[in-house]
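To start, the structure under review is shown below, and the notes come after it.
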Amino acid sequence: MIRKSLAAVALAAAVPVASAKTVSMCVFDVIGANGDLYNMVKDYALEMKAHGVDFELKPYTDEGVAVGDFNAGQCDAVAATDLRTRPFNRFTGSISAVGALPTYDDLKTCWRPWHSRKRRR
């Protein structure tokens, strides 16, 4: 009886690992597989293994190609900027979303790094 119970527990523990779903994801990062965004998605993929999802990440340095491959069905998911993902999700919360910066002070704070003298050099 105990042997059968242990065998059943071992089998039940092995089933989620054996049935892990593989999901391919096109990941856009300007730097590619060495970029910050790609590494964040890698961390997410590691975390999701505990939930039975195994991500196969495909790095892209061209966002248009990444989204195009997603549209063509070569990837199950895509990580890209909000402008490229708007056709898939009408609400994208970021700086470029209408109303995301409620005051001009917020806008100035956001644009200050892009207009600094150090950046122009």
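Which count do you get for residues in the stretch 29-63 that are modelled with pLDDT under 95, among the aromatic types (Phe, Trp, Tyr) and in a strand (DSSP E or B)?
The qualifying residues number 1.
Among the residues of the stretch 59-77, which ones are under 15 Å from Gly32 (Cβ atoms) and either touching a residue at least 40 places away in the same chain (Cβ under 8 Å) or surrounded by 15 or more Cβ atoms within 10 Å (Cβ to Cβ) (or both)?
Passing the criteria: Pro59, Tyr60, Glu63, Ala66, Asp69.
The values are calculated or read from the model by the stated rules, or taken from the named source; none is laboratory data. Here the structure is a predicted model, which is why all the values come from computation and not from measurement. Counting neighbours? That spans all protein chains shown, and the Cβs are built from the backbone with ideal geometry, glycine included.
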